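The values are calculated or read from the model by the stated rules, or taken from the named source; none is laboratory data. Small disclaimer: the values here were computed from a predicted structure and weren't measured. Every residue, glycine among them, receives a Cβ derived from its backbone with ideal geometry; neighbour counts consider all protein chains shown. Each accessible area value is taken on the protein alone, full model and side chains, heavy atoms only, with ligands, DNA and RNA left out. Shrake-Rupley method; radii C 1.70, N 1.55, O 1.52, S 1.80 Å.
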Amino acid sequence: RTGRKLNLARMLRGDSVPVPTPTPAPLPCRYTIESIPYNPDYRADNEPIVVQADELDYQQVTLPFSFPFHREQLSSLIISPNGVIYTHKAPGTMDYENGSNAPLNSIAPLHTDLSASSDPYGVRVAKGATWLTVYWRSKIFGYEDLADVEVRATLYSDGRIESFLSAPNAQLEAALQAGATIGLTGPTADSAATFAANSQAIKDGLGVRFSR
């Protein structure tokens, strides 16, 4: 009603300039998600450890290329020991608890409660002109007597993201299926692209690709 009154007032004054239309908010970037054969990039496996912690140790990594993520071009990322890559800033609290989607402004190759406090466990990074690979070798908190969990995620300069999971134990799989998320989310909740959360789709030998 207010808009109608304003338009009537303009007519009475003889204004002829059109009322400007508000610029619509851009639609979220949409990602295609698909399962792919298990074929991880192993180039980060022998690199130095950049994060070795259970919680609250986040490491910023510079990208060797401009990475398109949603409607931004990223030049750096922040890596969490809990299987998450943040695109803006690290959270101010522990991030071991997964949700139905990846956290805002993040890529979650495997968001779960990982623990990597001593050698040979930790997070390693390798990068080239058009790619960057992050490798987590960890234990699941509370299941340290089981086998290792290994996650390898590669980001490509065209915006593709590929992640691969090794959890070679039925008990490990069950733990992840009860408390892990694979996906990504941009600046708003409706921009989430989730492969699985607390689901039997999370299993040993899994490969997932996110494409713009």
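Listed values, structure above:
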| read-out | value |
| --- | --- |
| Test for residue 180: is it buried (at least 22 other Cβ atoms within 10 Å of the Cβ), of a type in the set (Gly, Ala, Ser) and under 16 Å from the mean Cα position of the chain (by Cα) | yes |
| Which numbered condition residue 154 fails, given (1) more than 26 Å from residue 52 (Cα to Cα); (2) surrounded by 17 or more Cβ atoms within 10 Å (Cβ to Cβ); (3) among the β-branched types (Val, Ile, Thr) | (1) |
| In segment 88-115, the residues that are part of a loop (DSSP other than H, G, I, E, B) and either among the charged types (D, E, K, R) or within 18 Å of residue 40 (Cβ to Cβ) (or both) | 89, 95, 97, 112, 113 |
| Test: residue 116 is modelled with pLDDT under 95, small (Gly, Ala, Ser), over 18 Å from residue 210 (Cα atoms) and open to solvent by less than 10 Å² (accessible area, probe 1.4 Å) | yes |
| In segment 138-151, the residues that are surrounded by 16 or more Cβ atoms within 10 Å (Cβ to Cβ), free of Cβ contacts under 8 Å to residues at least 40 places away in the same chain and over 25 Å from residue 69 (Cα atoms) | 139, 140, 143, 146, 148, 149 |
| Residues satisfying the stated conditions in segment 139-168, i.e. of a type in the set (Ser, Thr, Tyr) and either under 14 Å from the mean Cα position of the chain (by Cα) or over 16 Å from residue 205 (Cα atoms) (or both) | 143, 154, 156, 157, 163 |
| Residue 127 vs. criteria in contact (Cβ under 8 Å) with a residue 24 or more places away in the chain, charged (D, E, K, R) and open to solvent by 30 Å² or more (accessible area, probe 1.4 Å) | yes |
| Condition check for residue 96: open to solvent by 30 Å² or more (accessible area, probe 1.4 Å) and either over 21 Å from residue 137 (Cβ atoms) or in contact (Cβ under 8 Å) with a residue 40 or more places away in the chain (or both) | yes |
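Every residue, every condition in (1) open to solvent by 50 Å² or more (accessible area, probe 1.4 Å); (2) in contact with a strand residue (DSSP E or B) (Cβ under 9 Å, 6 or more places away or on another chain); (3) farther than 25 Å from residue 177 by Cβ; (4) modelled with pLDDT of 95 or more, yes or no:
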{"site": "55", "(1), (2), (3), (4)": "no, yes, no, no"}
{"site": "60", "(1), (2), (3), (4)": "yes, yes, yes, yes"}
{"site": "68", "(1), (2), (3), (4)": "no, yes, yes, yes"}
{"site": "86", "(1), (2), (3), (4)": "no, yes, no, yes"}
